[in-house]
Amino acid sequence: MPKIDLETLQARTGSSYPAPHDQEVIGRSSLRVGDAGGLTQFGANIVILAPGAKSSVRHWHENQDEFAVVLSGTCQLIEDDGPTEMNPGDCATFKAGVDNGHCFYNHSDEEARFLVIGTRTATETGWYSDVDMKVSQDENGFAYTRKDGSPITEGEA
């Protein structure tokens, strides 16, 4: 596969989170570099965080490992034990099944970028540490519910 020209990739913005949680990731976009290269066994994305943006609602995965390395800028990794400063070259790993939710937050005045690589599985369940929400993924896509499986009414926190 030839070199992927990042300039030709369209940044993905927005969120599949139900409101109001979709508002938590305003200012986040991503370049789907793994998809651009035709990868199927794992995902690889460059996440771009504008100043003040979060990568996600703090979460963890039952079946999917994740690896992240900061490429540029500075941000904080937020986990159960609190924030950890992350600078270019700093790496973090998130083992499947460990219920320590994580997200990245750009607390600086400049854009931050990190590469995240994660396992792709046919099904997955993700849990959100700070809100009553989980996500289930199967061949039909993503479904967000409360942690007990009951529906989330659009717009409720």
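The values are calculated or read from the model by the stated rules, or taken from the named source; none is laboratory data. Since the structure is predicted, the reported quantities are computational estimates derived from the model, not experimental observations. Heads up, the Cβs are rebuilt from the backbone with ideal geometry, glycines too, and the neighbour counts pull from every protein chain shown. For the accessible areas, the whole protein counts, side chains as well, though only heavy atoms, and no ligand, DNA or RNA atoms are used. Shrake-Rupley method; radii C 1.70, N 1.55, O 1.52, S 1.80 Å.
The length gained on full extension between Asp90 and Ile26, counted as 0.36 nm times the residue separation minus their Cα-Cα distance, comes to 20.6 nm. So what's the net charge close to Phe67: Lys and Arg +1, Asp and Glu -1, counting the other residues with Cβ under 13 Å from its Cβ? Cβ neighbours under 13 Å give a net charge of -2. Ellipsoid semi-axes for segment 1-69, based on the Cα gyration tensor and the rule √(5λ), read 23, 16, 10 Å when sorted largest first.
Taking the 1.4 Å solvent-accessible surface of segment 36-91 as the whole, the part contributed by carbon and sulfur is 51%. In the context of the full set of protein chains, segment 14-157 has a per residue accessible area of 50 Å² (1.4 Å probe). Amide H contacts of Ala19: Gly155, each under 5 Å away and 5 or more positions distant or on a separate chain (H built 1.01 Å from N in the peptide plane; Pro and chain starts excluded). Of the residues Gly82, Val98, Leu71, the one whose Cα sits farthest towards the positive end of the charge dipole of segment 27-106 is Leu71 (charges of +1 on Lys and Arg Cβ, -1 on Asp and Glu Cβ, taken about the Cα centre). If you take the alpha carbon atoms of segment 28-115 and fit the smallest convex hull around them, that volume is 86 Å³ per residue. The charge dipole of segment 73-157, taken about its Cα centre with unit charges on the Cβ of Lys, Arg, Asp and Glu (plus for the first two, minus for the last two), comes to roughly 320 debye.
Dipole orientation for segment 23-157: of the candidates Phe42, Thr123, Ile152, Phe42 has the Cα lying most toward the positive pole (charges on Cβ; Lys, Arg +1; Asp, Glu -1). Over segment 63-157, the fraction of Cα-Cα pairs per 10 Å bin, rounded to whole percents and listed from the shortest bin up, is 14, 38, 34, 13, 0.
In sequence order, segment 9-17 has phi-based couplings of 7, 8, 5, 8, 10, x, 8, 8, 4 Hz under the Karplus curve 6.51 cos²θ - 1.76 cosθ + 1.60, θ = phi - 60°, and Gly or Pro positions carry x. Taking a sphere under 12 Å around the Cβ of His107 and counting the other residues whose Cβ falls inside, with K and R at +1 and D and E at -1, yields a net charge of -2. Taking Lys and Arg as +1 and Asp and Glu as -1, the other residues whose beta-carbon sits under 12 Å from that of Glu124 total -3. When you restrict to C-alpha pairs under 8 Å that are six or more residues apart and normalise by the size of the chain, the relative contact order lands at 24 percent.
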